[in-house]
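Working notes for the structure below.
The values are calculated or read from the model by the stated rules, or taken from the named source; none is laboratory data. Quick caveat: nothing in here was measured; it's all calculated off a predicted structure. Cβ coordinates were reconstructed from backbone atoms using ideal geometry, including for glycine residues, and neighbour counts include every protein chain displayed.
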Amino acid sequence: MSAMAMLRQLTKEPGATNREDDGKILRLAGFSVDIIVRMRIGELAKRAGVSVQAIRYYERRRLMRTPRRTAAGYRIYSETELEIVTVIKKMQRFGFKLTEIRRVLQLWVLPSDTGAESPYQQGSRECLREALQLGEKKLEAMNEQIRASIQLREELQETLRQIRTGLDAPPKPVQTAQVKLRAAKAR
């Protein structure tokens, strides 16, 4: 019998409800206890707003831990993996590369590339400080890209102004090859 099943049995009182609401909350004699949500890859993908292939890709790129499997071989995931996928999506929107995302995730949830455990607890000051440094570095890179884009835009605007000026000038007479030939014979 699993620990959760034993907990259910030990705390069951007459008239108390023991049930799971969407697999998230276990109600025991009027108390709510968070439990681990187990979901398959399709449900994780749906809840995270990504494809099943994206989840598998994140696993191959070591952005997620190797999932546990059921006896039948199905991958099973918890709310932690849902949070990780949400963080990955958000960081991708911010322009982080997958290697940068893995570094941030290694601060608290993923083992390092050498296999060592994460150095910080999620939300610890040290973890937040290092994540802040990585985020500020990315922000500065974004600001530099914006400055370069503004400069490029100004150059394009100047080129377009010159083209408009050329269109507004009176047309120059066009000399065809025949006109040039007649002018040369007349000399």
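In segment 35-53, what count of residues is obtained for those that are surrounded by 17 or more Cβ atoms within 10 Å (Cβ to Cβ) and within 14 Å of the chain's Cα centre (by Cα)?
Qualifying residue count for the region: 3.
Could you please tell me which pairs satisfy a Cβ distance under 9 Å, a separation of 6+ or placement on different chains, a first residue in segment 72-86 that is in contact (Cβ under 8 Å) with a residue 24 or more places away in the chain and charged (D, E, K, R), and a second residue that is in a strand (DSSP E or B) and crowded, with 17+ Cβ neighbours inside 10 Å?
E79/M39; E81/M39
Kindly indicate whether R40 is at pLDDT 90 or above and more than 30 Å from K137 (Cα to Cα).
yes
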